[in-house]
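The values are calculated or read from the model by the stated rules, or taken from the named source; none is laboratory data. All values derive from a computational prediction rather than experimental measurement. Please note: Cβ atoms are built from the backbone with ideal geometry, for glycine as well, and neighbour counts cover all protein chains shown. Remember, those area values only see protein heavy atoms, side chains included, never the ligands or the DNA or RNA. Shrake-Rupley method; radii C 1.70, N 1.55, O 1.52, S 1.80 Å.
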Amino acid sequence: MKLASVQVENYKCIEDSGEFSVNDLTCLAGKNESGKTALLESLRRLNPVEGTAESQFNPLFEYPRRRYNRQQHVNEPVLTTKWELSGEDIAAVEAALGEGAVDGDIATVERGYDNLTKWTIPLRLGFVQSSGIG
């Protein structure tokens, strides 16, 4: 898999970075306090070292302060990434689900303040229904 794009929302000073492409060489440029480090910190939480302070999003400290409400259940994704699946990746999924199950080569991986990593892999709907998965 290869990282193709990233979007960060409601994290520290970043309300919405917008989706941007990631290539072999990607440069983050901006003024001081514009969110460059915050963006990288959020990306690090996609695959954190377990048991470290950086392993989980914490809405009390990281949700944009002016929008934070203690009663509000913060359930939206903070980090949305899109990954290009290689032929080997697709073959691994199809080995588990059956040949022809995958319908595309882009997977989406999200992580939010619930600290659950959610994967979305495009599957052929008819195939999935006929195989009893769903």
Open item on the list: Test of understanding: given the chain, find the longest segment containing no GluC sites (Glu not before Pro) that are in a DSSP loop and have at most 16 other Cβ atoms within 10 Å.
Closed with: 51-98
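What does the charge dipole of the chain about its Cα centre add up to, to the nearest 20 debye, if the Cβ of each Lys and Arg holds +1 and the Cβ of each Asp and Glu holds -1? Show your work: numbers first, answer last.
Values: 14 positive and 20 negative charges, 141 e Å.
Once rounded to the nearest 20, the dipole reads 680 debye.
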Open item on the list: Output the 0 to 90 degree angle, nearest 10, between the alpha-carbon long axis of helix 87-97 and the longest principal axis computed from the alpha carbons of the chain.
Closed with: 70
TODO: Would you indicate which of (i) 7.3; (ii) 7.9; (iii) 10.3 is the value of mean projected area of the Cα convex hull in nm² derived from the coordinates of this structure?
DONE: (iii)
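Quick one: accessible area per residue over the chain, 1.4 Å probe, rounded to a whole number of Å²? Could you put the intermediate results ahead of the total?
On the way: 8610 Å² over 134 residues.
Here the residues of the chain average 64 Å² of exposed surface.
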Task: Neighbour net charge for residue 99 - beta-carbon separation under 15 angstrom, K R +1, D E -1 - done: -3
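Quick check: net charge around residue 54, other residues with Cβ under 14 Å of its Cβ, Lys/Arg +1 and Asp/Glu -1?
Computed value for this residue: +1.
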